Structures are given as C-alpha cells and as structure tokens.
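The values are calculated or read from the model by the stated rules, or taken from the named source; none is laboratory data. Everything numeric in this text was worked out from a predicted model, so none of it was measured. Note that each Cβ is placed from the backbone with ideal geometry, even for glycine, and that neighbours are counted across all protein chains shown. Keep in mind that these areas ignore ligands, DNA and RNA; they rest on the heavy atoms of the full protein, side chains included. Shrake-Rupley method; radii C 1.70, N 1.55, O 1.52, S 1.80 Å.
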Amino acid sequence: MAAVTSAPFLPRRLDQAFKRMGARSAAARSLFAASLSNPAYTAYFDDFIGQTAGTWPASANWGYPATVGTNTEVIGIKAGAVGGQLSIATAGASNDSAYQSVGLHWNGTRNFYYIAKFQIDIITTLKFEAGMVDSITTNGAVNAKATPTFNMTTGAVVIFDTSDDTNISFITAAGGTVGANVDHAQVSLVAATDIIVEIVGSGGTATGYVNGIPFPGGGGAITAATALTPYIGITTRSAEVKTMLVDYMGAIGPRG
C-alpha cells in the first residue's frame, strides 16, 4: 500500500496554521479545503450554484440574510455560469449600492481566514468592498476612503473607490478607529478580470492580500472579540448600473 501524503503546503497542525499562513495563499486555500468537513472548524464556502424562480435570497431557503443596498439592488445566481457565479448589480443612480453578507460567526479571537474571487464589469466611477464586517446590514463598511470614516465599528476590507483614487487599499477598523489604511502598489484593478482577495485575522490584527500578494505594513487592528461576517459588494459613483460577478466566497475559523 502506498504511503499517504498530505496536500502540498498543508500544515500538519491545523490549530496552529493561522499563525503561520503568511503570504502563502496556496497553503491557506489547502487548509480551507481540507477543513470544510472538520467539526473543529466553522467553515463557509459558496460556489454560488443552483437556480430558483424567485429572488435572491428569500425563495432559496439557504439561510442568507436579506440583501442590502440603496435603491433596487439585483442579486442572484447567474444562470448558465459554468462553475457557479453570483451577480451583484446596483440600480442606475449615482451612489446606488448592492451588498451581500452571510452571518456573524467568526472573530479574531478564534482567528479567521476569508477569501473571495470576483470581477467587475466597469471599474470607472465605482466602489467595491470585500472582507469581514460586524453587521449583516452593512451598506458600505467604509463611508469615506481618503481619510477613513466608517459605517462598521470593527472589520477589515479590501476596498477600491474612485471617489478617492484608483488604488486598491486595505482598511481595518477597531472600535471605529482606523487600524490599517494602506494601498497595494503591485496590483491594479482591471475591468472584467478576476481578482482574489484574502484576509487573515489573528487576535486583534487582520492582514490583507490581493492575488496572493500581501499589503505592506503587516496588517491593522480589529477588535478581536467582535463577531464578523463575510461580506462583498459594490457602490456606483455615477448614474449607471455596475455589476460584480463573484466566483466564490468563503470564511473559516477554529470553532473554539
């Protein structure tokens, strides 16, 4: 019988893995995949597959909270998308928005890992946010990006907002106070092109990654004990519909 070998980079001690993941997103994803059926971990992962005749999420009975947005957001699983895809679309006026969250089941005290893969059809006059926030009704976690003010009290998001500049940034909040506010110098947003966002929470600190490359500065403060939800969405900064297509989103953390 051949010897059983572990997946590449898969840590032998899962309970210690969150402290050692660093920038190795391949290791983090291996950890995530291996732990989906592990009772020691609280895990969520959605490929956004399936179809219903009604509206997202009420008729689907999947346990999602209500969609959040300004004016009439349109959020639903995209029909015929191979591999599954969630379409998040705003209405057509300036500052209309559309966001989706899951539930407040993770925190920094127990450590967490968040991942999402998505693309946006039009990247001019737009804001997107992806990360972990402290309310399922958050309609834009960062109220103003330039000198951050918040609609969340604690959380960590990767954000892009043309009302400020064209940089992808990582911003955290702890008790309403800015913990991190850094730009990513190595990655630019490209329309209709996939981007992968990862956030690792360890105690009172969260660190962010885009396409496997870390933001500088080593992370920012969050309130460790605050319960957080996976969260993603967009706000249009002009009078036109903006659409985000999410390939997958997930979060995982030790159960306790």
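If you sort ARG110, ARG237 by accessible surface, 1.4 Å probe, largest first, the order is ARG110, ARG237.
Surface listing: SER163, SER87 arranged by accessible area from highest to lowest gives SER163, SER87, probe 1.4 Å.
Solvent-accessible surface (1.4 Å probe) assigned to HIS105 amounts to roughly 120 Å². Summing charges over neighbours of VAL187, with a neighbour being any other residue whose Cβ is under 15 Å away from its Cβ, gives -3 when K and R count +1 and D and E count -1. In order along region 107-117, phi translates into HN-Hα couplings of 8, x, 4, 8, 6, 8, 9, 10, 8, 8, 10 Hz, rounded to whole numbers, per the Karplus curve 6.51 cos²θ - 1.76 cosθ + 1.60 with θ = phi - 60° and x for Gly and Pro.
Ordered from highest to lowest accessible area with the whole protein assembly present and a 1.4 Å probe, ASP121, ASP165 read as ASP121, ASP165. The alpha carbon gyration tensor of region 69-193 gives principal lengths a ≥ b ≥ c with a/c below 1.5, which makes the shape rounded. Centre-to-centre separation between the Cα atoms of region 185-214 and those of region 68-84: 23 Å. Of all aspartates and glutamates in the structure, those lying under 17 Å Cα to Cα from LYS242, and not within fewer than 8 positions of it along the same chain, are GLU73, ASP96, ASP121, GLU129, ASP161, ASP194. Residues in region 205-221 carry Karplus couplings, in order, of 10, 10, 10, x, 9, 10, 6, x, 9, x, 5, x, x, x, x, x, 6 Hz; the curve used is 6.51 cos²θ - 1.76 cosθ + 1.60 with θ = phi - 60°, and Gly or Pro positions show x. Within the accessible area of region 150-243, the carbon and sulfur atoms contribute 50%, probe 1.4 Å, all protein chains present.
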